[in-house]
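Notes follow the structure.
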Amino acid sequence: MAEVTSELMFELLKRVHADIADIKLGQRELKADMNAMRGTLVSVHQDIHNIHTTLARHETRLDRIENRLELREFQEAQLRFEPQP
């Protein structure tokens, strides 16, 4: 079995230190990626909200148009039954 010396321990600690530094770098990269994903998700959420707002406005306009058409159809139907001078 190899003798455990100060030099061997020092080399092992340097490797452990290097590995931990790599892990920290990877963690920073993952954190940056997560922040980018969060920003993208917020942007998509805002886009969906804008689409819902636009659809709601279009639905309101269509309802008004349908109501006006029904009123016009009602008036046209009444004119058919009223005597003409």
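The values are calculated or read from the model by the stated rules, or taken from the named source; none is laboratory data. The shown structure was predicted, so the numbers you read here are calculated from the model rather than taken from an experiment. Cβ coordinates were reconstructed from backbone atoms using ideal geometry, including for glycine residues, and neighbour counts include every protein chain displayed. Note: accessible area is taken over every heavy atom of the protein model, side chains too, but ligands, DNA and RNA are not part of it. Shrake-Rupley method; radii C 1.70, N 1.55, O 1.52, S 1.80 Å.
See the values below:
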{"quantity": "Accessible area of the chain belonging to carbon and sulfur atoms, whole % at 1.4 Å probe", "calculated": "61"}
{"quantity": "Cβ-placed point charges (K, R +1; D, E -1), dipole of the range 1-76 about Cα centre in debye, nearest 20", "calculated": "300"}
{"quantity": "Where the chain is the region considered: accessible area per residue in Å², 1.4 Å probe", "calculated": "102"}
{"quantity": "Nearest 10 degrees, 0 to 90: helix 6-81 Cα axis against the chain principal axis", "calculated": "0"}
{"quantity": "With 10 Å bins from 0: P(r) over the chain, alpha-carbon pairs, percent", "calculated": "13, 15, 12, 12, 11, 9, 8, 7, 5, 4, 3, 1, 0"}
{"quantity": "Simple spin-label estimate for Met37 and Arg57 in nanometres, 7 Å along Cα-Cβ", "calculated": "3.4"}
{"quantity": "Coil-residue GluC sites (Glu not before Pro) of the range 15-83, DSSP, other Cβ within 10 Å capped at 12", "calculated": "none"}
